[in-house]
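Worksheet: one structure, shown below.
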Amino acid sequence: MGSPDFWNNQESAQETIAELKGLNAVLKPLEDVVRTGDDLAALVEMAEEDEGFAAEVPAELERLEKALEDLEMKALLDGPFDGGAAILTINARDGGTDANDWAEMLLRMYISWSQKGEYHVELLDRQENEEAGINSAVIAVRGPMAYGYLKGENGIHRLVRMSPFNSDGKRQTSFAAVDVAPEVSGQIEIEIRDEDVREDTFSASGPGGQHVNKTSSAIRLTHLPTNIVVQCQNERSQHKNRATALKMLRARLARVEEEKREAEQLAKYSEMPKVGFGSQIRNYFLHPDQRVKDTRTGHLVGNFHSVMDGNIQGFLDAYLRLRAEKR
């Protein structure tokens, strides 16, 4: 970074800075733990000579234990892409307008979690629903270990509540699918042959006003060998939409390769969530009581609105521990 020509290539420079942040996210807490351990040892020695220091020992010990626990969680993020950014896609599934509203609620939840963790969030694509909520959205979450923490969110998320869109006030069950893939840097080789990709252009849709685009600037890419489909319509420029869609496709292909690798270690494909009723990874209840429970780990939070405010770290940590136990 001290090289005079470091900023000549902006993309490469940003990747180097991101790598440095990822290293510091582990090294600095590790240095703090070592320092705290030394301080605690000195405090214990002083407490043996002067009982006045003894009252400080439990609080320092608790602080050290918490710091060690955080480091242990980071040690579980050892996949090839875990230290980098994530591309998170949310799609409304079964449940009509409630599902569209639910998809938007999840979008806000992940953005709130990202902001609490001081991650940078970029909206890559958003497709509005005509009545309420969204049909789908794609965001990039950038910062140390974003993908490592979020990759366990892949799957179906189920909401049960009294529907605000039902005049009879009946209980409604709705579903949204979350897909998380690593954002792959240009330094990592992901082969995408031109003949393997079908490109379609279409007019971007939106709620009206300035969002309406009458030109065919929206891009849809279909990767024929895997049948992966990505699309982007967030920019007015077809060129920018194509570049973003290609980035999304690279991310999805990278995740496919990672899943193949993990399948050899964990037989992961037997655990992959299926789309549809009864296959959800997490249940969110607003009726008859408020609670959120992960079906894989059993982690339970009794405050629905707290979870919607982005307090999902407990779910992320519980999934990491579960994966570690199955290794």
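Every read-out reported here was derived from the displayed coordinates using simple, explicitly stated rules and does not represent laboratory data. As the structure is a computational prediction, the values presented were derived from the model and not from experiment. Positions of Cβ are backbone-derived with ideal geometry, glycine not excepted, and every protein chain shown enters the neighbour counts.
Odds and ends about this structure:
- Which of Asp38, Asp82, Asp70 has the fewest Cβ neighbours within 10 Å, and the rest in rising order: Asp38, Asp70, Asp82
- Difference of contour (0.36 nm per residue) and Cα-Cα distance, Leu30 to Leu68: 12.8 nm
- Remark: Ser279, Ser167, Ser237 ranked as Ser167, Ser237, Ser279, counting other beta-carbon atoms within 10 Å and listing the fewest first.
- Estimated from the Cβ-Cβ distance and a Förster radius of 25 angstrom, the FRET efficiency linking Asp289 and Ala324 is about 0.20.
- Comparing Val57, Val33, Val230 in a Gaussian network model of the chain, where Cα atoms under 10 Å apart are tied by springs, the biggest mean-square fluctuation is seen for Val57.
- Segment 310-325-segment 217-253 distance, computed between alpha-carbon centres (Å): 30
- Each helix, a run of at least 4 DSSP H residues, gives -39500 (n - 2.57); summed and divided by the residues of the chain, these come to -13500 deg cm²/dmol at 222 nm.
- Distance between the modelled labels on Leu123 and Leu300, one decimal in nanometres: 3.7 nm (7 Å Cα→Cβ projection).
- Calculated FRET value between Thr222 and Glu11, using beta carbons and R₀ = 30 Å, to 0.05: 0.70
- Bins of 10 Å from zero: percent of alpha-carbon pairs in the chain: 5, 21, 30, 24, 12, 5, 2, 0
- Comparing Val180, Val197, Val307 in a Gaussian network model of the chain, where Cα atoms under 10 Å apart are tied by springs, the biggest mean-square fluctuation is seen for Val197.
- Legend: ranking of residues Met162, Met105 from fewest to most surrounding C-beta atoms inside 10 Å; resulting order Met162, Met105.
- Each residue of segment 99-112 was assigned a 3J(HN,Hα) from its phi angle through the Karplus curve 6.51 cos²θ - 1.76 cosθ + 1.60 (θ = phi - 60°); the sequence is 5, 5, 5, 5, 4, 5, 4, 5, 4, 5, 4, 5, 5, 5 Hz, with glycine and proline shown as x.
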